[in-house]
Amino acid sequence: MVSVLWLAMLVSGFFVAAMQGRIEVVTRSLLKGAEEGVAVALGLISILVFWLGVMRIAEEAGLVAALARVLRPVARWLFPSVPPDHPAMGSILANMSANLLGLGNAATPLGLKAMRELQELNPDKERASDAMCTLLALNTASLTLLPTTVIALRLQYGSAQPTDILPAAAVATAVGTVSAVLLDRFYRRRERRGK
């Protein structure tokens, strides 16, 4: 559906530009957009490589493991159906740690791995389990203390104070995460009462 909307906007833009005799504006914009896209991607690659390296150092130094130990009681409360020693719990903790550190690109593969491991525990393979829904809600809200990608983009576009986003990001993601957890619990209770 989204691809149809994008196609409609693209075609209508070409049509309007052609009707006004200004098709060169569309061509120039397309080329400029492609150029900016490549520049942003290259800038982000360097920042992501840096932060993934920092994450690797933090992992080797034991910071990620320490963060996972701190998060373990929270994860056990959020995911009561997941055995504490199951590999899914380790992937969930690693995913939560990466999200907290603002490493969304590192968190994504960990979240996918956690979902695969949660599917192994799922008795109904055709329907998402409670734990899978909770993980999805947490990943969508993604409590972030250090939004590295946003800081990188602000740096790339010349922000004088790229870290000014920290307090706002922390509050916004905290509100989002609390809302996600509350809604997850609400719908779980509602579903159980309906059965």
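Could you work out the local net charge near Arg76, counting Lys and Arg as +1, Asp and Glu as -1, over the other residues with Cβ closer than 13 Å to its Cβ?
Summing Lys and Arg as +1 and Asp and Glu as -1 gives +1.
What are the extents of the Cα atoms of region 108-195 along their three principal axes, in Å, largest first?
Rounded to whole Å, the extents work out to 55, 26, 15 Å.
Counting alpha carbon pairs within less than 8 Å and at least 6 residues apart, what relative contact order, in whole percent, applies to the chain?
Over the chain, the number comes to 17 percent.
Separation between the Leu7 and Leu42 pseudo-spin-labels, each 7 Å from Cα along Cα→Cβ, expressed in nm?
3.3
Report the Cα centroid-to-centroid distance between region 143-195 and region 104-136 in angstrom, as an integer.
20
Could you tell me the ratio Rg/Rh of region 41-143? Both radii from Cα atoms, Rh via Kirkwood.
Answer for region 41-143: 1.00.
Tell me, what is the FRET efficiency for Arg188 and Glu120 to the nearest 0.05, using R0 = 30 angstrom and their Cβ-Cβ distance as r?
In this case the efficiency is close to 0.90.
What's the FRET efficiency of Gln156 with Cys133 using the Cβ-Cβ distance as r and R₀ = 35 Å, to the nearest 0.05?
0.50
Since every read-out is calculated from the coordinates, none of them should be taken as a lab result. The structure presented is a predicted model; accordingly, all values stated were derived computationally and were not measured. Heads up, the Cβs are rebuilt from the backbone with ideal geometry, glycines too, and the neighbour counts pull from every protein chain shown.
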